Amino acid sequence: MTEKYDIKDAALAPEGRLRIEWASREMPVLAQIKQRLAKDKPFAGVRVSACLHVTTETANLALALKAGGADLVLCASNPLSTQDDVAAALVEAGIPTSAIKGENEATYYKHITAALDHKPNLTVDDGADLVTTLHTKRSELLKGVFGGTEETTTGVIRLRSMEKAGKLTYPIIAVNDAQTKYLFDNRYGTGQSTLDGVTRATNILWAGKKLVVSGYGWCGKGLAMRAKGMGAQVIVTEVEPIKALEAAMDGCQVMTMAQAAPIGDIFITVTGDKHVISKEVIPLLKDGAILANSGHFNVEIDIPALEALSKNKRRVREFVDEYTFKNGKKAYLLGEGRLINLAAAEGHPASVMDMSFANQALCLEYLVKNKGKLETRVFAVPQDIDKTVARLKLASMGMDIDTLTPEQVKYLAGWEEGT
Ligand SMILES: NC(=O)c1ccc[n+]([C@@H]2O[C@H](COP(=O)([O-])OP(=O)(O)OC[C@H]3O[C@@H](n4cnc5c(N)ncnc54)[C@H](O)[C@@H]3O)[C@@H](O)[C@H]2O)c1
């Protein structure tokens, strides 16, 4: 076992501890699961390497896994998303953590390597950088791994592509694809926290602004919905006709990026794709346009093109870089094009991560219970885990639901009865 860790400042631990405790108030489902894990110890003797955004919510998951007996280490899943006080508190709690907010790419991968040095039996990933590094650079460790989980859309897409290419070597559960994950975390979590990130970075007024949302998937829908509530006029760009139609009927304007570029005040990409704001689009932008991304990687805005097309760049606020183009027009890039909700704000509120991380904990337990029995592929979250999380969340919110009567069960299963 490695005891290595790399954090900004161990003295930040008390602050981190308090904030982790604050998040735990909003994570009753995970707390309940933690209690049971602490009793059953399903992870006793299991080495877990986790690559997640190092936030207060992740800390609560890490503490739950540790309570369940896991021998756990943690590294950051994004160079800008780490909360340094949380990293310090985790190290203090006995969870070796390698994560520093603002780390460069070399340090980011050094931290992933440190997490892999732990010789994991289980991996927990967010974006699939840990799993990819494991398969490409540390393949000697693969024989010890019997399962993994993946937190986000982009990671699941990469893993499915690995599976298709015959490169995946152990079963991974796509936690992102649980209904109790994407319907809530991606939609309401990203919706709220992205606005929070842009607001904290810029202090703009949303009312009356023209917001261009690129990608009308679960994240984009939530973002558009919440931005409308703040008084923004939402324009959507899409590549899928059904999603675009949905956006139109949800009351958004739909157009191409080239059409939106000269109109939009603020652009937020949430596609999981690259170069959505491309070198062709950048010259079309309105003077003063604000550009942000809330998709997983920092490639949705073509930042090298932004650099090449501008004559001057300066940091005007903590998360705001001003680019001045050769014709004098300006554009503002937020959070270096990285997930703005995690770079400039605190990521998703704890209440929604309660469900995502309840799924994580239960899926990891499922992998332990089914060790050696699962095929090597990307799995959906088992239905009963998804439903359990929903039931526990409803109960924690003090809500009850009806139960089908035997008559209704029979009716819904039959075909004979008509009007
Ligand atoms: N910021 C966060 O905290 C957070 C949380 C969850 C997911 N994510 C990430 O956000 C991204 C989107 O996730 P999702 O769950 O909404 O995915 P999704 O698959 O539901 O939606 C993505 C949408 O983008 C569209 N799209 C793809 N290329 C496009 C292009 N060039 N122009 C316009 N639209 C395009 C797709 O058609 C699709 O409708 C992923 O990278 C995911 O990992 C971020």
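Going from the fewest other Cβ atoms within 10 Å to the most, the residues LYS181, LYS373 appear in the order LYS373, LYS181. For VAL254, the amide hydrogen comes within under 5 Å of the amide hydrogens of VAL236, counting only partners 5 or more places away or on other chains and with H modelled in the peptide plane. The 3J(HN,Hα) values that the Karplus relation (6.51, -1.76, 1.60; θ = phi - 60°) gives for segment 412-419 are, in residue order, 5, 8, x, 10, 6, 6, x, 5 Hz. Gly and Pro appear as x. Beta-bridge orientation, the chain: approximately 20 percent antiparallel, per DSSP, counting only bridges with both partners inside.
Proximity of backbone amide H atoms, modeled 1.01 Å from N, is registered between PHE379 and ILE172, ILE173, ALA174 at under 5 Å, excluding neighbours fewer than 5 places apart on the same chain. Using a cutoff of 8 angstrom between alpha carbon atoms and counting only pairs six or more residues apart, the relative contact order for the chain works out to 17 percent. For segment 315-332, the Karplus equation 6.51 cos²θ - 1.76 cosθ + 1.60, evaluated at θ = phi - 60°, returns couplings of 8, 9, 8, 3, 10, 10, 9, 8, 10, 9, 7, 4, 8, x, 5, 10, 9, 10 Hz by residue, with Gly and Pro reported as x. In whole angstrom, note down how far apart the Cα centers of segment 291-340 and segment 48-118 are. Here the two parts' Cα centres lie 28 Å apart.
Applying 0.36 nm per residue to the separation of GLU15 and LYS279 and subtracting their alpha-carbon distance, the gain on full extension is 90.8 nm.
For segment 163-170, backbone phi angles converted through the Karplus equation (6.51, -1.76, 1.60; θ = phi - 60°) give residue-by-residue couplings of 4, 4, 7, x, 9, 6, 10, 8 Hz, Gly and Pro being listed as x.
In terms of its Cα atoms, the chain spans 69, 65, 44 Å along the principal axes, sorted from long to short. First check a/c for segment 103-154, with a ≥ b ≥ c the square roots of the eigenvalues of its C-alpha gyration tensor; if it is under 1.5, answer rounded, and if not, answer prolate when a/b is larger than b/c or oblate otherwise. In terms of gyration-tensor shape, oblate. Taking amide H as placed 1.01 Å from N in the peptide plane, ASP6 has its amide H under 5 Å from the amide H of THR97, SER98, ALA99, each at least 5 places away in sequence or on another chain. If you take the Cα centroid of segment 203-256 and the Cα centroid of segment 366-397, the two points sit 32 Å apart.
A protection proxy built from the mean count of other Cβ atoms within 10 Å ranks the segments 93-105, 133-145, most packed first, as 93-105, 133-145.
In segment 282-342, taking the dipole from charged Cβ atoms about the Cα centre, the farthest positive-side position among SER310, GLY328, ILE340 is held by GLY328.
Rounded to the nearest 5, the antiparallel percentage of DSSP beta bridges internal to segment 23-109 is 0%. Report note on the peptides 292-305, 344-357: ranked by the mean count of other C-beta atoms within 10 Å, highest first, their order is 344-357, 292-305. Put a plus charge on the Cβ of each Lys and Arg, a minus charge on the Cβ of each Asp and Glu, and nothing anywhere else: the dipole of the chain about its Cα centre is then about 640 debye. Sorted on the mean count of surrounding Cβ atoms within 10 Å across their residues, most packed first, peptides 55-62, 229-236 read 55-62, 229-236.
Bear in mind that the values in this text are calculations on the coordinates, not laboratory data. Computed from a predicted model, the values in this text were never measured in an experiment. So basically every Cβ, Gly included, is an ideal-geometry build from the backbone, and we count neighbours across all protein chains shown.
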